[in-house]
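Asker: Have a look at this one before I ask anything.
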Amino acid sequence: MTEAALTGTDDDLRELATWLRDEDELRGRVRLRDAPIREGEMGAAIDALTIALGGGGAGAGAVMIRSVFTYLSTRRKAVVLDLDLKDGDKHVKVKLTNDSNVDEVLAQVDKFFDK
């Protein structure tokens, strides 16, 4: 099963999780994963935003990428997210920013699903 994990600031991940949950294709697949609470901390920070893309994740993967880029285009401040796609032994990492090229990222994601 393919899983996407996005890392960034806690605020950006919370906002993005809310954004992605509005996508029909992703509804019920988006989760915020807490980091382990360390000694002396009051609560957990967010470790990652995860999206279960399923066995045929190409369609949901494209929806996710387009939605993330739409989200990034609405942000006034600079946002940096790291996307990590995993499916068994397949793995790809991509840095996403407000200035990233959506077509280049989609090509990398398509290549991942074609392997």
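What follows is calculated from the coordinates using simple rules that are stated; it is not laboratory data. Quick caveat, the model's predicted, so the values are computed rather than measured. Don't worry about glycine lacking a Cβ; one is built from the backbone with ideal geometry, like all the others, and counts go over all protein chains shown.
Asker: Taking amide H positions as placed in the peptide plane 1.01 Å from N, state which residues far from G54 in sequence (5 or more) or on other chains have amide H under 5 Å from it.
Answerer: When sequence neighbours closer than 5 places are left aside, the close amide H contacts are T2.
Asker: Listing L16, L106 from the residue with the fewest other Cβ atoms within 10 Å to the one with the most, what is the order? Write out the running numbers ahead of the final one.
Answerer: Values: L16 22, L106 15.
Ascending Cβ contact count within 10 Å gives the list L106, L16.
Asker: Relative to the first principal axis of the alpha-carbon coordinates of the chain, what is the inclination of helix 58-74, with its axis defined by its Cα atoms, in degrees from 0 to 90 and to the nearest 10?
Answerer: Around 60 degrees separate the two axes.
Asker: In addition: Return S73, S100 ranked ascending by Cβ neighbour count within 10 Å, so the fewest neighbours appear first.
Answerer: Ordered from fewest to most neighbouring Cβ atoms within 10 Å, S73, S100 come out as S73, S100.
Asker: With charges only on Cβ, +1 for K and R and -1 for D and E, what is the dipole size of the chain about its Cα centre, in debye, rounded to 20? Numbers along the way, then the final one.
Answerer: Details: 17 positive and 22 negative charges, 15 e Å.
About 80 debye.
Asker: Starting from the Cα gyration tensor of the range 2-114, multiply each eigenvalue by 5, take the square root, and state the resulting semi-axes largest first in whole Å. Can you show the working numbers first?
Answerer: Numbers: eigenvalues 101, 58, 36 Å².
That gives 22, 17, 13 Å for the three semi-axes.
Asker: Follow-up question, since we're still on this one. Work out the FRET efficiency for T97 and E25 from their Cβ-Cβ distance, taking R0 = 41 Å, and round it to the nearest 0.05.
Answerer: On the way: r = 24 Å, r/R0 = 0.57.
Using R0 = 41 Å, I get an efficiency of 0.95.
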